[in-house]
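Undergrad: Here it is, the structure, as structure tokens.
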Amino acid sequence: PTVDWERFMGARLLAWLGGLALFLGVAYFVKYSFDHDLIPPSVRVLLGLLAGLGLIGGGLALRPRAYTVTAHTLCGTGVVILYAALYAGHTLYQLPWLPQSAAFLAMSLVTAGAFFLAVHFPAQVVAALGILGGFLTPLLVASGSDRPVALFSYLAFLNIGLLAVALRQRWHLLPLL
């Protein structure tokens, strides 16, 4: 099939760029609040989590076919913000209420949520972000100690989930990622 450049440039590309701009805006707001110490670290993380959940909720509210690309963009951006907020809370701020086990579990739940959203919509871009975040999770919350059984068990569950999404949606490119 030929590529519909007008639809790609007019709808998808601008929606993706808008999602990227939204993510960068949140990231720069967080950086600005770091530099000027305007907001305490725990509140920053909670605001990031609320923003991510709000974007996913907004994407779910835009379910009608007329706003499919926008809904995918909002959900994908929400997933990325959730990963970033959890990473910042655990690694950068070392918040006492977000130890390694809680951060790992929360990031794993974000991955599972991204897979659910990818099947629900269907949205390959959300699935790809879930895959990326899922494989980065052990690196982002690493403790420095070797736990090969836990790591490879997690990776096995992640791959099973990935293959289940790919088979259900018949997305043959997804397992290659």
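The values are calculated or read from the model by the stated rules, or taken from the named source; none is laboratory data. None of the values given here were measured: they were computed from a predicted structure. Cβ: placed from backbone, ideal geometry, glycine included. Neighbour counts: every protein chain shown. With ligands, DNA and RNA removed, areas are computed over all heavy atoms of the protein, side chains included. Shrake-Rupley method; radii C 1.70, N 1.55, O 1.52, S 1.80 Å.
Undergrad: Might you work out the accessible area of Ile131 for me, using a 1.4 Å probe with all protein chains in place, and round it to the nearest 10 Å²?
TA: Counting only protein heavy atoms, the figure is 10 Å².
Undergrad: Build a GNM of the chain with springs between Cα atoms under 10 Å: which of Val141, Val149, Val80 gets the top mean-square fluctuation?
TA: Val149
Undergrad: Something else: Identify which of Ala88, Ala164, Ala66 has the largest mean-square fluctuation in a Gaussian network model of the chain, with springs joining Cα atoms closer than 10 Å.
TA: Comparing Ala88, Ala164, Ala66 in a Gaussian network model of the chain, the most mobile one is Ala66.
Undergrad: At Phe157 and His172, where each label point lies 7 Å from the Cα along Cα→Cβ, what is the point-to-point distance in nanometres?
TA: Here the modelled spin labels are 3.1 nm apart.
Undergrad: Between Tyr28 and Ser145, what is the label-point separation in nm under the 7 Å Cα-to-beta-carbon projection?
TA: 4.2
Undergrad: So what is the relative contact order for the chain, in percent, with contacts set as C-alpha pairs under 8 Å and at least six apart? Could the numbers behind the result be given before it?
TA: Details: 169 pairs, mean separation 31.0, N = 177.
So the answer I get is 18 percent.
Undergrad: When percent of Cα pairs over 23 Å apart is calculated directly from the model, which label among (1) 39; (2) 49; (3) 45 fits?
TA: Only one option fits the structure, namely (3).
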